[in-house]
Amino acid sequence: MKIGIVILNWNGVELLKKFLPTVLDHSKGHAVYIADNASTDDSVKWVKENHPEVQIHQIPTNLGYAGGYNHVVPLIKEEVLCLLNSDVEVAPGWCEAMEQAFSSDPNLAAAQPKILDYYNKDKFEYAGAAGGFLDQLGYPYCRGRVFDFLEMDHGQYDYRIEVDWASGAALFVRKSVFEDCDGFDEDYFAHQEEIDLCWRMRQLDYSVQVIPGSQVYHIGGGTLNNSNPRKTFLNFRNSLFTVVKNDKRSYWWLLIVGRLILDGLAAVKFLFSLKPAHVMAILKAHFDFYRQFSKVLAIRKKINENNARSAVNQGVKSIVISYYILGHRRLHNE
């Protein structure tokens, strides 16, 4: 099985210089593509001059993570794709483990490798760690990462399991299922669109897994740093979108009320941390959620009409209570 590795790039020439050669070295026999999101730096020029074997798809405008990949995926011929961030170093054998997993399990729709910190390679990295889960309110967390607490990797998660979502930092997807699900929701622009996609895949009885035999090292925040209020806005708004669209429980609206209250507490925390820009980002996220609420409800109705199963979250009841009140830092979920 030949995998199509698609690196979405936006003004990331320095990241491409750093990581593209390693991707090429450790992905022999597989195809590597650059999807360029209307970069204004020398990204395209550098790739053409230094790696002419890499096919470049230039996107006329910056469509974000969601729109950028939606634009390019139909142009890639391989059936299994890896949607790879430009700030990721891959380890030897990373494709072979995924190739075996997708070849042996036709129901596998999406998967992620084990994701470790580029700067501390014995430690899990925030964006995915050892597999993503959702608590009963729809808050995401990972094996190996709960909020900002990151575990050291001692091999404790070195086995393949079903997860709620696979990380967008290195997201392997079966192209036919991606297209059957209409790809990413472009209203998200960036952040948490992979959680929404994986939830929709699971509702159609497809499998989402973590394959720890595949391993990568992620810088994190290479395009949009955690300190950027824009990232706070997207994370809070998009998470609300995801719950409304996908949660099939009759009391889903109560979950949204609870989420809005907890988001308010998060804003208070930012206020006491002297981060007023993040407080405003949460407020803007809520206002934009209200503005688009009727549209998201219409999408929910469409998903329900597809006879999707419930796919209730696997995770703990409340990651907020488990972490901040009960003091749990490691939540294994097996």
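The values are calculated or read from the model by the stated rules, or taken from the named source; none is laboratory data. Because the structure is predicted, anything quoted here is derived from the model rather than measured. No Cβ is skipped: glycine too gets one built from the backbone with ideal geometry, and neighbour counts run over all protein chains shown.
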* Structure fact -> Residue pairs qualifying under the 6 Å Cβ cut-off, at least six apart or on distinct chains, with the first in the range 133-157 being on the phi > 0 side of the Ramachandran plot and not assigned by TED's automatic domain parsing to the domain that holds L262 and the second being surrounded by fewer than 20 Cβ atoms within 10 Å (Cβ to Cβ) and assigned to a loop (DSSP other than H, G, I, E, B), are G144/E151
* **Conditions (1) within 21 Å of H26 (Cβ to Cβ); (2) among the aliphatic types (A, V, I, L, M); (3) crowded, with 24+ Cβ neighbours inside 10 Å; number of the one not met by A91** => (3)
* Output the helices (runs of 4 or more DSSP H) that fall wholly within the range 189-282 and possess 1 or more residues being within 15 Å of the chain's Cα centre (by Cα) and modelled with pLDDT of 95 or more, or say none. => 193-203, 229-246
* Mind checking whether some residue in the range 33-48 is under 28 Å from N235 (Cα atoms), in the same structural domain as I211 (by TED's automatic domain parsing), within 17 Å of the chain's Cα centre (by Cα) and not small (G, A, S)? -> no
* To do: Scan the range 86-97 and give yes if some residue there is over 19 Å from F149 (Cβ atoms), in contact with a helix residue (DSSP H, G or I) (Cβ under 6 Å, 6 or more places away or on another chain), modelled with pLDDT of 95 or more and of a type in the set (D, E, K, R), otherwise no.
  => yes
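What are the residues in the range 132-143 that are touching a Gly at 6+ places or on another chain (Cβ under 8 Å) and either surrounded by fewer than 19 Cβ atoms within 10 Å (Cβ to Cβ) or not in a strand (DSSP E or B) (or both), if any?
Keep residues of the range 132-143 that are touching a Gly at 6+ places or on another chain (Cβ under 8 Å), which gives 133-137, 140-143.
Hits for the range 132-143 are D135, Q136, L137, R143.
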* Asked: What is the number of the single condition among (1) more than 26 Å from L326 (Cα to Cα); (2) in contact with a Pro (Cβ under 8 Å, 6 or more places away or on another chain) that A101 does not meet?
  -> (2)
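Here is a list: E194, E186. Which entry is acidic (D, E) and surrounded by fewer than 19 Cβ atoms within 10 Å (Cβ to Cβ)? If you could, list the steps in order and put the result at the bottom.
On the way: E194 fails: surrounded by fewer than 19 Cβ atoms within 10 Å (Cβ to Cβ).
Matching residue, one of E194, E186: E186.
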* Asked: Which condition number does L15 fail, the rest of (1) over 11 Å from S86 (Cβ atoms); (2) part of a helix (DSSP H, G or I) being met?
  -> (1)
